[in-house]
Structures are given as C-alpha cells and as structure tokens.
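Readers should treat all values here as calculations from the given coordinates under stated rules, not as data from a laboratory. Note that this is a predicted model, so its numbers are computed, not measured. Because the Cβ atoms are built from the backbone with ideal geometry, glycine has one as well, and the counts that use them run over all protein chains shown.
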C-alpha cells in the first residue's frame, strides 16, 4: 500500500473560487418539484455530506453543482459570480456510473481521462494510482468486478485539477481498504484547499463535516 | 359561376373535399383532445374534494 | 487541444477494437448498390444513367445507419457527462465525434464508391468527380448525422427517428453531390455544384456543432 | 402567464376566434367557388389553386412560427412557448399535406400525372418530411420537456435549412428539366382571382388560429392535470 502522505495528485489545483453559495435553489423534473429551496455554502477546504431518502434530490443537487443542470428557482454562484453551468470545469462529478469504456483496458481508459483533463504529456502517470489499479492495467474493463471498476472510476480524481469534488455514494461496492483510501483522498484534497460534497447513505459522517439533509420532496 | 358540365368538376370537388377532410379532421381531433383533458381535469378535481 | 485529440484517439481505438462497425457499413453500401441492377435490369446505358443517383443515395443511407451509436454508448456508461463538463467545450466535442465518424465511415465510403461505380457501368471520366463529390459531401453528412444523434439521444427507436430527421436536411447535399456526377457523366464541367457542395459543408460545419451542443446539454439535463 | 389564467383566457377568446374562422371560410368558399370566373386556359380547375396556394403559405407560415416559438422557449424557458409550438406543428403538417394533395389534383388535369416533380411541389414534399421528423422527435422522449427542447432545436435548424432546400430543388429542377414546362399558377394572377385567393388565405389563417388556440389550451391543461395527479398522488 503506497504511502498516502506523498502527493497522490498529479494535477495542480486550479485556484479555488470559493465560497460557492446556493440561495433558495429549486429544480423540477417535469411537473414534480425535486429540489425545493436549498441554501448551502461550500467553503474552501470544507466537506459537506448530503443525506436524504431516495428521490430527495441528492443526485440532482450534485449535478446542479457540477453545472449539468440549471436551477429552476433561486441562484447558485461562485465567489466571482460565475454560475456553475458556465464554469463546469471547476467541479468533477463521480456518479453512480463508472464512465469507463468496457471494450478498452483500464490503462487505455485512464490514459484517455488523463489526456482529456490536460495531462497528456505523460500517459496515465503511474504515480497517481491511489487505488492501486495498476495491477490490472491491461485487463479490459468488462472483465473487472464492480469493486475494481469503482476503484478505476475513482482514480480519475487523482488527475483532476477541479477544486470542487462531487461524489455520489462513492463507497458503494468498495471494500474496507478502498473506503479508507477514499476518505484519505478527500482529506488530502481538503488540505490542499479543495472542497468536497458527498451524497451518502448510512456510514457515519466523518468528523469536521457539515451535514445537509434534503427534504422529503420528489 | 362554376360550370357543372366542366370536365374538371370532379377534380375541383376532390380538392375541396380534401380541404374539408383535412380541416374537419384537425377540428375534430382538437375538440376531442380538449374534451378528454377537460374530463380528466374534472376527475382530478372531484378526487381532491373531501 | 489535447482533450480534442484524446476524444478522437479514444473513438478511433474503440472503432478499431470492434472493427466490425466500419466493415458492416461498407458491406451495407456494397449490397445496397448491388441490389439496384437486380431491380432495374443489367442494360449498361440504363445503369450508367442512374449510377450517380444510386451511388450517392446509398452513400447517404449507409452514413445514416452508422450514427446511432455515436453518443449512445457514452450516454449509457456515464462518460458523456464528464466530457461535457470537462475543459472541452461541447461544440469541440461534437467536432471530435463528427471527425471520428467521418474517418471511420465517411472516408471508406468515398474510397469504395468509385469501385462500386464499375458495377453500375459509371463512365470512367465520372469516377474522379464521384470521389471528389463524396469527399466534400460525406463530412457534411457526418456533421448532420452527429446533430441527429445528439437530438435523438435517449429517444425511443433512435435510429429510425434519426434517419427521418436527417434525410430531409441532407437532401440539398444529395442533390448537388449527385448533380455534379450527372454533369460529369454528360461530359459537362461539374465545377459549380462541387463548389456549392463545399459551401454547404462549411455552412454545416458552423451550424451543426452549435445545435448539437445545445441538444447534448438538454440530453444530459 | 401562469397556466390557470391562460386556460380561462383561451375559453373567453375562443368563441370569437371560431366565429371569425367560420365567417372567413364561408366568404372564401363563396368567392372561390361561385363568384369568380373560370380560367380561359385551365377552365374550372383553376379553383383548386384557391386551396393549394393558401395551404402552401400556411405550411411555411406555421413552420416559421414553430421555429420562433421553439427559439423563444429555448431562450427564455417559457413552458407556454413549447406548448404552443407542440400544438401548432401538426396543424402545419396537415396544411402541407393538403397542399400536396391539392397540387396533385391540380396536376392531373393539367399535366396528366398525379405527381409531377415540379420544383415547388418537391420543396413542399421535403417540408412535409421536415414536419414529420420534428413531430416524431417531439414525441419520442419519456419527458415531454426534453422532447419539446429537442424539437425546438430541430425546428430552428430546419428553418435555417429551408432556403437552402428551396435553392437546391430549383437548381435540381433546371438541371433535369431545362425546358420550363407550364408555369404553376400562370404568369400573373388575374385580379378577379386575387380576391378569392386572399380570402381563402385569410380563412385558413383564421381556422388555424382557432384550432391552435384549442390545442394550446389542451396542452396547458394536460400539463396541469399531470402536475395535479403527481401532487395528488404524493399526498
């Protein structure tokens, strides 16, 4: 297990534009209100845990912070006034899906994502392999187990320069060791000035984290 | 005035017939659509009343 | 820029990995062209007369059939969202997708068409014009198809819907493409239709990425 | 304009719109069938023009209207604009179909063929297919909001494409039929024919407006029913 205290990230953090402030943000899918009046402040170095029943809008809020979805009511803006939809590269969203091509190998997938995020001068830098997926780098993704795919998907965090991490139930299908690595990565990201928002079920809230429970909506 | 003995009478009749069918069809569909929604709205209203 | 190249590289590698895709489109193109003489009859003059139209129409249909998977796989396995919210502007992503489709499908069609021209007794003088007209036309088709794929993303029966939407929009490209080859068959200079075809391709190069990017944003919302 | 008030407003305006449509249609039919002379060349079949040409104008007008409504919906996010566009598109397609049918009925006596690849008829055929694609796209999604916005983008692209289609079909027509056959609708329209033509055009517009009002109100009311059902269900 590599020593986590070295810098696990290969991408420098772009200067954070924190805080990201949400005032009375609402979103409706079709006619049904999914998010109603969410107020939230994301500070540099903060960790926010989103809780709520299924359909409470946790994933929708994460997608809103990532700039994929525009709020139907209220406003969400970074410190410099930019709306998330205008500056999507400030956030990286790891959703339920793995964003990996099953026909390609792990190395090819991660080479793509490192090239896509602007680190193309070296192929997938072996240094940033916090989840040690390097062992099965040349295995096509379709041959991997759910946990291994999840580890490979989370490795994308290692070469993202986005200051805001948005993790949608990151620890599903992960074993205890991988779960610990996730929280160590989160802590390392916060230490270097980034912010993290995690949607979670069960699992105790780590200390020093703000908790936001979304209402019964949806 | 339209000359009843004209050889083209059937074509003119067919053209205006098509016009009647299209306009009539549109009107009928529009009216049926509205009636269906109005009934659905009444059902929803009735179900809400205690 | 490297984001653009990495998307292009990945799509080309994916196309090579399951190479069947490109070959199937070429196979469909060849079978489609070969079926016409069976229907129309073997007389060389008749075939030569319809050759430009048949070759161009089949190239258009073959291109159309290969668009549905363009965004569908990325949409389903979740890689479309990070690509849209990465450093790469959606418009550039659409260009990368259109270029990767053209390299895998459009270019082979250009190369195969003159060969199939022999099946239809296309005069040899018209072969180069056919190639050039397809060289200008297939990028336009790739752009239109990419727009259609973005619009039909997540829709029911996306392939049929895509063809129904895109074919009327592709009619001008077909008219000038086949028209140029017709003029060449008749021994006239095909210059003006080819220039108009090039102009249309450039116009689509400007319009399609913007419209497709808007459609992708809606698809992800 | 929130939905409840819009539905009520439509209810009040509708009787007048229907009355206007009926009156205009009656006047149009009266003039086109009875009070106008036959053409010295075409005979009675010229009366088909009074259906064919206004239908073509309406098909083009409604397509532009749908594109504008789609644009407004995309730019400002008004659900009403999308409802109105979705209500208008099938009407435009119906007018395009009427134009094609009447064109074919007019071509048979004149050129002896049910379908002639004349430049304008071909452009109208392509416009009809653009309508089909747009309507199919609008209804192809589970979420109607997604379908509306995708159809709006297609309508805008289609609108930009229309002049190109017209230009290329005209070029195609001259390429394959250099000798210009009998010009559609004659060199210039005789004043006695202009009146019925304009009256029928006005009648078609009035009928369209009334039907469009009904269909838009239906669309808005339907979304209210869906919302009420969802809200009701949750309680």
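Shielding of peptide D:43-50 by partners, expressed as the average count of other chain Cβ atoms within 10 Å per residue Cβ, is 6. Just how far, in whole angstrom, is segment D:100-167 from chain B if you go by their alpha carbon centroids? After rounding, the separation between the Cα centres reads 22 Å.
Neighbour counts of other Cβ atoms within 10 Å put D:111, C:23 in the fewest-to-most order C:23, D:111. At q = 0.10 Å⁻¹ the log10 of I(q)/I(0) for chain C amounts to -0.44, computed by Debye summation with a single uniform scatterer per C-alpha, solvent ignored.
The alpha carbon gyration tensor of chain A gives principal lengths a ≥ b ≥ c with a/c of 1.5 or higher and a/b greater than b/c, which makes the shape prolate. In a GNM of chain D with a 10 Å cut-off on Cα contacts, which of D:210, D:96, D:222 has the highest mean-square fluctuation? In this elastic network of chain D, the residue with the biggest mean-square fluctuation among D:210, D:96, D:222 is D:222.
Taking only alpha carbon atoms, segment D:63-140 gives an Rg to Rh ratio of 1.12, where Rh is the Kirkwood radius. Taking C:98, C:184, C:34 in turn, the Gaussian network model of chain C (Cα-Cα springs below 10 Å) assigns the largest fluctuation to C:34.
Inter-chain Cβ neighbour count for A:86-99, averaged per residue, equals 3 (cutoff 10 Å, partner chain atoms only).
Computed over chain D, the range of Cα coordinates on each principal axis works out to 71, 41, 26 Å, biggest value leading.
Taking Cα atoms only, the orientation of helix D:191-234 departs from the longest principal axis of chain D by about 20 degrees.
Fraction of C-alpha pairs exceeding 13 angstrom in segment C:143-209: 67 percent, rounded to a whole number.
With a/c under 1.5 counting as rounded, go ahead and sort the protein assembly as shown into rounded, prolate or oblate using the C-alpha gyration tensor (a ≥ b ≥ c being the square roots of the eigenvalues; past the cut-off, prolate if a/b is larger than b/c, else oblate). Show your work: numbers first, answer last.
Details: a/c = 3.05, a/b = 1.45, b/c = 2.09.
Cα axes put the protein assembly as shown in the oblate bin.
Relative to the dominant Cα principal axis of chain A, helix A:176-191 is inclined by about 70°. Separation of segment A:183-216 from segment C:185-207 is 58 Å, based on Cα centroids. Both radii were evaluated on the Cα set of chain B; the Rg over Rh quotient, with Rh as the Kirkwood radius, amounts to 1.47.
Averaged over the residues of C:72-84, the number of partner chain Cβ atoms lying within 10 Å of the residue Cβ comes to 5.
Under the rule a/c < 1.5 gives rounded, and otherwise a/b versus b/c splits prolate from oblate, where does segment D:82-217 land using the Cα gyration tensor? Because a/c hits 1.5 or more and a/b fails to exceed b/c, segment D:82-217 counts as oblate.
Ranked by Cβ crowding within 10 angstrom, fewest neighbours first, how are D:135, A:94, C:40 ordered? Provide the component values of the computation, followed by the final result.
Details: D:135 19, A:94 24, C:40 14.
Lowest to highest Cβ neighbour count: C:40, D:135, A:94.
By count of other Cβ within 10 Å, fewest leading, how are D:215, C:17 ordered?
Values: D:215 24, C:17 14.
Arranged by neighbour count, lowest to highest, D:215, C:17 become C:17, D:215.
Each peptide in A:173-182, C:202-211 gets a packing score, the mean of other Cβ atoms within 10 Å over its residues, and the list from highest to lowest is C:202-211, A:173-182. Comparing Cα centroids, segment C:69-103 and segment D:30-63 end up 50 angstrom apart. Helix D:49-76 axis versus longest C-alpha principal axis of chain D: approximately 30°, rounded to the nearest ten. Binning all Cα-Cα separations of segment D:7-118 at 10 Å, short to long from zero, yields these whole-percent fractions: 13, 29, 32, 18, 8, 0.
Pairs of Cα atoms nearer than 8 Å and 6+ residues apart set the relative contact order; for chain D it is 37 percent.
Relative contact order for chain C: 26 percent, from Cα pairs under 8 Å spaced at least 6 residues apart, divided by residue count. In percent, rounded to a whole number, the relative contact order of segment C:69-172 is 31, using alpha-carbon pairs under 8 Å and six or more apart.
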